[in-house]
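The values are calculated or read from the model by the stated rules, or taken from the named source; none is laboratory data. Worth saying up front: this structure is predicted, and the values here are computed from it rather than measured. Every residue, glycine among them, receives a Cβ derived from its backbone with ideal geometry; neighbour counts consider all protein chains shown.
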Amino acid sequence: MSVQSAVKRKTAPDILKRKGGDPIVMLTAYHAHTARLVDKYCDVILVGDSLGNVMHGFETTVPVTLDMMILQGHAVMRGSQEALVVVDMPFGSYEASKEQAFHSAVRIMKETHCGAVKMEGGVRMAETIEFLTTRGIPVMGHIGLTPQSINTLGSFKSQGKDEAIKIAAGENASGPFQDDARAVAQAGAFSIVVEAVAEPLARRITEIVSVPTIGIGASNACDGQVLVLEDMLGLSPWVPKFVKRYGNLGPGIEAAIQDYAKEVRSRAFPGPEHVYGIKPKG
């Protein structure tokens, strides 16, 4: 007898069908408790390798390991019910060969039970994306600013300005970022994250590919948007230009911790209502 959940979780094909339709809402989550909150309102939850910055304090995502991604991916799956959960493939887990990528992706899918993986890279990763998608692994692409390549990029700066200038001037010329988008889409990716790409170019990319684009510092013309949860909640000390803070939880958390420390030191906590007494025998 098969076991089926009463709640149907969104799938990669569901997201693919959203091209040109209602905007796709995506946020990151790394824990079961935040996943439970995000799940109520988002179509996709990304277990991003940004957990290296947010959870572990790394300056870049390069140190993040496959085991770290699997651990947090499993936590997010346990905390969510409806959203498609996509887990990032970390640096070094897929670049060496398409076979390496397949084995890493299989581990992620099997051990987390997620619905898809995400990998960075355009034309250079197209063959790998096709290898995975033809073997049952849904892939979300990621072009533009690719943070795992920070050591060759040199900085986290916006991408595609030359292409964007030509587009803004009315030219119909292609360019490397449009080529990346086409290659990833044609390889079988069900959607593409477009990060820190100048607006006219992000808009053009959305127009020329047949799969949904999900912008982060790109354009509101993209088929969806994604942000890092802690950034938009005001928990990060610094955020990029493209982040809008929808909350300011940092000061509130600090105030609560300060109050707790004060009451512990003054012995005001725990009070009588927080300790276990002895019930008189009847």
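Points worth noting:
- Met125 vs. criteria part of a helix (DSSP H, G or I) and surrounded by 23 or more Cβ atoms within 10 Å (Cβ to Cβ): yes
- Residue that is farthest from the chain's Cα centre (by Cα), among those in the range 217-260 that are more than 20 Å from Gly52 (Cβ to Cβ) and of a type in the set (Val, Ile, Thr): Ile257
- Selection within the range 134-159 - of a type outside the set (Ser, Thr, Tyr), in contact (Cβ under 8 Å) with a residue 24 or more places away in the chain, touching a strand residue (DSSP E or B) at 6+ places or on another chain (Cβ under 9 Å) and assigned to a helix (DSSP H, G or I): Pro147, Gln148
- Test: residue in the range 132-144 that is farther than 16 Å from Ala12 by Cβ, β-branched (Val, Ile, Thr), out of contact with any His (no Cβ under 9 Å at 6 or more places or on another chain) and crowded, with 23+ Cβ neighbours inside 10 Å: yes
- Unmet criterion (only one of (1) surrounded by fewer than 23 Cβ atoms within 10 Å (Cβ to Cβ); (2) closer than 30 Å to Ile137 by Cα) for Thr213: (1)
- Exactly one residue out of Val76, Val7, Val25, Val87 is closer than 30 Å to Leu249 by Cα, surrounded by fewer than 24 Cβ atoms within 10 Å (Cβ to Cβ) and β-branched (Val, Ile, Thr), and it is Val25.
- Candidates Ala101, Ala83 - the one that is modelled with pLDDT of 95 or more and in contact with a Ser or Thr (Cβ under 6 Å, 6 or more places away or on another chain): Ala101
- Of all residues in the range 27-50, those that are touching a residue at least 60 places away in the same chain (Cβ under 8 Å) and farther than 14 Å from Cys114 by Cβ have Cβ atoms under 7 Å from Cβ atoms of residues that are surrounded by fewer than 20 Cβ atoms within 10 Å (Cβ to Cβ) and not β-branched (Val, Ile, Thr), 6 or more apart or on another chain, in Asp43/Lys10.
- Lone unmet requirement of (1) in contact with a Gly (Cβ under 8 Å, 6 or more places away or on another chain); (2) under 23 Å from Ala189 (Cβ atoms); (3) surrounded by fewer than 24 Cβ atoms within 10 Å (Cβ to Cβ); (4) of a type in the set (Val, Ile, Thr) for Val47: (3)
- Note on the range 264-282: residues that are over 41 Å from the mean Cα position of the chain (by Cα) and surrounded by 10 or more Cβ atoms within 10 Å (Cβ to Cβ) total 1.
- For the range 226-263, taking the residues that are of a type in the set (Gly, Ala, Ser) and surrounded by 13 or more Cβ atoms within 10 Å (Cβ to Cβ), the one that is nearest to Gly57 (Cα to Cα) is identified as Ser236.
- The number of residues in the range 99-128 that are in contact with an Asp or Glu (Cβ under 6 Å, 6 or more places away or on another chain) and either farther than 22 Å from Gly73 by Cα or of a type in the set (Phe, Trp, Tyr) (or both) comes to 2.
- Flag if Val25 is within 16 Å of the chain's Cα centre (by Cα), assigned to a loop (DSSP other than H, G, I, E, B) and closer than 25 Å to Pro147 by Cβ: no
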